[in-house]
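Colleague: Structure below; questions to follow.
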Amino acid sequence: MTDWILRDDRGRFSKGGSSPNPKGRPRGSKNRNPRRKADPERAAEWTAHDWRAFYQRTLQQAQGGPEERRAAAWGESMALWLLLNRPPQQTGLCGYCSKPLDVPLSSISGAPIRIDGAWVHWGCLPWFSRARWDSARGGLRQLGISENTF
């Protein structure tokens, strides 16, 4: 009932009154630090548009011929995607085959090694790396970035 009293004819809160800020919001204070496209500090919150902007910016900053620049931009995007999307793993189990990581009884191919934030068997390492690469490629493709983009 009293809410309409605190607002003007356009529905905005009036200056003064029972507001905790009696002078109202100063002009120009709202967007003091506007959000930049593909801001690396906010990479976890990026949209598909931000990923494409990051790829485009990296493509423009890279040195070399067109193929080298495209490969550099793709590599940077892939590395950032892998960093932000950790592989799932249960404690004490291999990140690829989900078998126990038994250190005392490990053979050469069963010795655990840490890669991409997960523990895997030495024998599972090539397959795990390939699976991570394929998941990153698929994730970037869903965001509108592929190896042949631009």
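Each reported figure results from applying straightforward, stated rules to the coordinates on display, with no laboratory input. Everything quoted here is computed from the prediction, not taken from an experiment. Here the Cβ is made from the backbone with ideal geometry for all residues, glycine too, and neighbour counts use every protein chain on show.
Colleague: Between E45 and A71, what is the FRET efficiency for a Förster distance of 25 Å, r being their Cβ-Cβ separation, to the nearest 0.05? Walk me through the numbers before you get to the answer.
Modeller: On the way: r = 27 Å, r/R0 = 1.08.
Once rounded, the FRET efficiency stands at 0.40.
Colleague: Here is a further query. Normalising by the residue count of region 63-149, find the relative contact order in percent from Cα pairs under 8 Å and 6+ residues apart. Don't skip to the answer; put the middle values down first.
Modeller: Working: 83 pairs, mean separation 25.7, N = 87.
In percent, rounded to a whole number, it is 29.
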